[in-house]
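Remarks on the structure that follows.
The values are calculated or read from the model by the stated rules, or taken from the named source; none is laboratory data. As the structure is a prediction and not an experimental result, all values here were calculated from the model. Cβ sites come from the backbone with ideal geometry, for glycine too, and all protein chains shown count toward neighbours.
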Amino acid sequence: MPTLTRWFLRAAMVHLVAALGLGLVLALPSLAAQAGAWRPVYIHLLVVGWATQMIFGVAYWMFPRIEPLDLTAVPWVGWTCFWTLNAGLVLRAACEPVIAVRTAPLAAAGTTVAAALQLIAVATFVRLSWSRVKTR
Amino acid sequence: MPRVSVWLVRASLLQLLSGALLGAAYLAFKAEGWFAILVTHLGTHQEQMLVGWMVQLVIGVAYWILPRSDGQGPKDSERVMWVVFGLLNAGVLVAALGTDPSWPASLLLIGRVAETAAAVLFARHAWKRQRAYREGVRTVLV
């Protein structure tokens, strides 16, 4: 399994635990009032951080290769995808609940940067995968 | 990879890119008030990410890697899968339009019918491709 895949899969598992932990906390009756602000973070940790990241990792590993995997080369596009996806998600988790309850310019800027980072992650994954999806 | 799988997986990548664009625009709207014109497209984002990206990718990869059934020729099953491809993508598009308040809400129902029909056709096809190991095969699973 390529190193990048291992990082994707391990990060996906961290996001899964974080998402379900957050879901558990949000289910506490004493936090019912705050749950709305955190719900988008919970959903995205699960759907993007866990499921999509798992798919990214496995696709990078399993999709047909144009050239044999060179273990000595650093797949920069792949690592850009990994770091922008995870930095974007963490930044989003830190900032989005803040702007949901009050005006906070720094958190708003952080949310916008998070949006851009996640978009970059998706674009790099599409670039990475497109040519590998082909008939024999 | 069969041609129909290539189309399903590439269409799922396009749905992912388009859905992520809408999602990022929506997040920027929440943060800074930008792209207000896209606020009504949250339903499109959700439809594209869940059905257009995830479901379609899984269907495309499953058609590629599940063991082939002996009873059904690849040509027959490929024809069914092209119908699945058409129904699923048309369904996502129509259902997405249905979530926009400026379009008739009935489109959501029509889109979901198309998506469900695609799911039924795929499930019917994939059902026959789940097989146990043949008797007598000595396999050690670790």
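How many residues are within 20 Å of A:Ile55 (Cα to Cα) and in a loop (DSSP other than H, G, I, E, B) if we restrict to segment A:100-134? The total comes to 4.
Looking across segment B:9-39 at every residue that is within 30 Å of B:Ser77 (Cα to Cα) and facing another protein chain (nearest Cβ under 9 Å), the one that is surrounded by the fewest Cβ atoms within 10 Å (Cβ to Cβ) is identified as B:Leu14. With segment B:1-75 as the region, which helices (runs of 4 or more DSSP H) entirely inside it contain at least 3 residues that are without any contact (Cβ under 8 Å) to a residue 12 or more places away in the chain? Filter on segment B:1-75 gives B:3-32.
Does segment B:91-109 hold any residues that are of a type in the set (A, V, I, L, M, F, W, C) and buried (at least 16 other Cβ atoms within 10 Å of the Cβ), and which are they?
B:Val92, B:Leu93, B:Val94, B:Ala95, B:Ala96, B:Leu97, B:Leu107, B:Leu108
Of the listed requirements (1) within 12 Å of chain B (Cβ to nearest Cβ); (2) closer than 20 Å to B:Gly60 by Cβ, A:Gly88 misses just one: (2).
Go through segment A:60-99 and count every residue that is β-branched (Val, Ile, Thr), in a helix (DSSP H, G or I) and farther than 16 Å from A:Val122 by Cβ.
3
Of all residues in segment B:115-142, those that are under 30 Å from B:Gln48 (Cα atoms) have Cβ atoms under 8 Å from Cβ atoms of residues that are of a type in the set (Lys, Arg) and at pLDDT below 85, 6 or more apart or on another chain, in B:Arg129/B:Arg68. When you check B:Glu47 against the structure, is it at pLDDT below 90 and within 14 Å of another protein chain (Cβ to nearest Cβ), yes or no? No, not satisfied.
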